[in-house]
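Just below is one structure, and these are the notes that go with it.
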Amino acid sequence: MSARRRRLRLNAFLMEAGHHEAAWRLPHSNPRADFDLQHWIELAQLAESATFDSLFLADGPALIGTGEFRPPGQLEPLTLLTVLSQATSRIGLIATVSSTYNEPYNLARRLASVDHVSGGRAGWNIVTSAGADEAANFGLDDRPGHAERYARADEFLKVAKALWDSWEREAVVADKGTGRYADPARLHRLGHRGRYFKVAGPLNVERPPQGYPLLVQAGSSEDGKDFAARHAEAVFTAHTTYERAAAFYADIKARTRAAGRDPDGIVVLPGIVPYIGSTEAEARALARQFDELRVPEYGLRQLAAVFETEPSVFDLDKPLPDAVLARPKLEGSQSRSDLITELAVREKLTVRQIISRLGGGRGHFEFVGTPEQVADTIITWFEGGAADGFNIMAPALPSGLTAFIDHVLPILRGKGLFREEYEGTTLREHYGLPVPSNQFHQTQATFQVSGA
């Protein structure tokens, strides 16, 4: 990093009534938070009031589960971010959008538009969509294979970047006297013909204020880490131990360096689900309240979905069956299934205990303790080389986020690790990242984007 002291990066990962699967059942929760626009606006404003770097909306183009035990729907995230951009002025706005079930031109246009209307605060969490149910919504019998999804995503990113670059900064003249609006030589065709896409270009939206929206990646498979090393500027990741997080951190930084990029140009943000109490006993009681509201049948279905099997193969009071432990590599969520298996074997957990541990954060790090203990854990990971910051995944919203802001942030600020006020206006400025150079700048000839 640079000579000045590193600053902790904090992202508010927002999810309906909260990250715990039973959050909607709490007495103070809004069970219809998923489609309550005012709820999302108030969460965004709360995070911005605390000067969080960004907020994040997860997404997938399919119903979540069956809807029987947890709210299954979600607003389309770029639409929601557009609304939130008008209710806030500084906080970064990141959304998940699939590269598998979109086309580069339309998505590049939508993301550029969000960056424009937000004044340079947009970010894209790039996913390749692991679920077979998602594929079924796009006319496919099954999802493409893991390696193919990442190969397509790689070409998708090359095309998207070229589209964002297709307007040079000097393209618009807007000379009323001569009637000359733009310099056509600075609007660039791509003429791209690759393995997956044929795209003429240029984009019909000016280059975004940030050059590109901040590029985020969340897969921890080998393909996912290589993809992140080539393209990502932030990585969202899940780890249950400091040791695992530190190993991932070192690996992703090394891969980024090997890809010819500055490792300081990629920000690693593991998730943390904090249950905060004024005493340890109070924090444990809070976590227990959530756990008692879980419906085991829901957790069992979700576990079966991760391992791409049927709930009937599991016995709640026994360990993971040998057939699951010996499974071949999955085409879906490989890194998440590996994480769960490692956790279960390391701690000798029964299936009942596994689904309890997954109820709050789906494999992200859950921590139960006082504000001081939460802050100390964050500092240990940050200063020990396991994180550049964190995804704050409140088990209930807004209460869990408010508790973090009111009781943990003052400790982090007191140690000089987190800002008191925003110092920039764009998401890239918050993360300490530069605007990427334009590959077409001062180039007059038509530029050909190479295929994947």
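Bear in mind these aren't lab numbers, they're just calculated from the coordinates by the rules spelled out. Computed from a predicted structure; not experimentally measured. Methodologically, a virtual Cβ is constructed for each residue, glycine included, from the backbone with ideal geometry; neighbour enumeration extends over all protein chains shown.
Think of the chain as a dipole: +1 on every Lys or Arg Cβ, -1 on every Asp or Glu Cβ, centred on the Cα centre; then among L57, L300, V97, V97 lies furthest on the positive end. Residue exposure proxy: V345, V159, ordered by other Cβ atoms within 10 angstrom of their Cβ from fewest to most, comes out as V345, V159.
Here T256, T66 are placed in order of increasing Cβ neighbour count within 10 Å, fewest first, which gives T66, T256. Checking the cross-link pairs K161/K225; K253/K348; K198/K225; K198/K253; K161/K253 against a 25 Å limit on the alpha carbon distance flags K253/K348; K198/K225; K198/K253 as lying beyond it. Only bridges whose two residues both fall in the chain count here: according to DSSP, what percent of them are antiparallel, nearest 5? Percent antiparallel among DSSP bridges in the chain is about 10. Each Lys and Arg Cβ is given +1 and each Asp and Glu Cβ -1; about its Cα centre, region 119-206 then shows a dipole of about 320 debye.
Remark: spin-label model distance D133-E103 equals 2.8 nm, labels positioned 7 Å along the Cα→Cβ axis. With a ≥ b ≥ c taken as the square roots of the eigenvalues of the C-alpha gyration tensor of region 213-330, please select rounded if a/c is under 1.5 and otherwise prolate if a/b is larger than b/c or oblate if it is not? Verdict is oblate for region 213-330.
Our coupling estimate for region 184-198, obtained by passing each phi through the Karplus curve with A = 6.51, B = -1.76, C = 1.60 and θ = phi - 60°, is x, 5, 9, 10, 10, 6, 9, x, 6, 9, x, 5, 10, 9, 10 Hz, Gly and Pro reported as x. When H239, H116, H20 are sorted by how many other C-beta atoms sit within 10 angstrom of their C-beta, beginning with the fewest, the order is H116, H239, H20.
Within straight-line reach of K158, meaning a Cα separation under 13 Å, sit the following aspartates and glutamates at least 8 residues removed in sequence or on another chain: E103. Projecting the Cα positions of T426, A174, T237 onto the charge dipole of the chain (unit charges on Cβ atoms of Lys, Arg, Asp and Glu, taken about the Cα centre) puts A174 furthest along the positive direction.
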